[in-house]
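This report concerns only the one structure given below.
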Amino acid sequence: MEDESATQTHDQGEAGVKPDVKPDIQHLTITVANQDGSKVPFKVKMTTAFEKLFKAYCSKKALDAATLVFLTSEGQRILGHQTPADFGMEDGDMIEVQQHQIGGC
């Protein structure tokens, strides 16, 4: 019987302890770098659509998003509906932005 009350007390003590678990929604800093070497950091959630980041970048740089292409550091094109989670991005990752080229020889 003494063991039961000790177990109950122990369980109650455990309930008050917060587990050391990361929250479901992580924040990370992603840096957008353009061709001239300038870099702009953005703090975003893993679940935030890149469209929001693209608009913020274009607003800050006075650019039109339709004239730009955003790429991961591995060269994959990033679309507006995608999220950092889609690419398994981590804090400190970089996105490259380039002028969209039409045509070419």
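Worth a mention:
- The stretch 56-68, residues that are loosely packed, with under 13 Cβ neighbours inside 10 Å and either assigned to a loop (DSSP other than H, G, I, E, B) or not hydrophobic (A, V, I, L, M, F, W, C) (or both): Ser59, Lys60, Ala62, Asp64, Thr67
- Residue list for the stretch 48-68, filter: at pLDDT below 95 and in contact with a helix residue (DSSP H, G or I) (Cβ under 8 Å, 6 or more places away or on another chain): Leu63, Asp64, Ala65
Quick grid of which residues meet (1) modelled with pLDDT under 95; (2) under 13 Å from the mean Cα position of the chain (by Cα); (3) assigned to a strand (DSSP E or B):
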position: Ala6; (1), (2), (3): yes, no, no
position: Lys22; (1), (2), (3): yes, no, no
position: Ile30; (1), (2), (3): no, yes, yes
position: Pro41; (1), (2), (3): no, yes, yes
position: Phe70; (1), (2), (3): no, no, yes
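- Condition broken by Ala56, with the remaining ones in (1) without any contact (Cβ under 8 Å) to a residue 60 or more places away in the chain; (2) touching a Leu at 6+ places or on another chain (Cβ under 7 Å) satisfied: (2)
- Among the residues of the stretch 72-105, those that are farther than 11 Å from Ile30 by Cβ, among the aliphatic types (A, V, I, L, M) and not in a loop (DSSP other than H, G, I, E, B) comprise Ala85, Val97.
- Of everything in the stretch 43-55 that is among the charged types (D, E, K, R) and not in a helix (DSSP H, G or I), the residue that is nearest to Val97 (Cα to Cα) is Lys43.
- Residue ID - surrounded by the fewest Cβ atoms within 10 Å (Cβ to Cβ), chosen from residues in the stretch 81-95 that are over 14 Å from Val32 (Cβ atoms) and touching a residue at least 24 places away in the same chain (Cβ under 8 Å): His81
- Reported count of residues in the stretch 45-90, each being polar (S, T, N, Q) and touching a His at 6+ places or on another chain (Cβ under 6 Å), is 1.
The values are calculated or read from the model by the stated rules, or taken from the named source; none is laboratory data. Note that this is a predicted model, so its numbers are computed, not measured. No Cβ is skipped: glycine too gets one built from the backbone with ideal geometry, and neighbour counts run over all protein chains shown.
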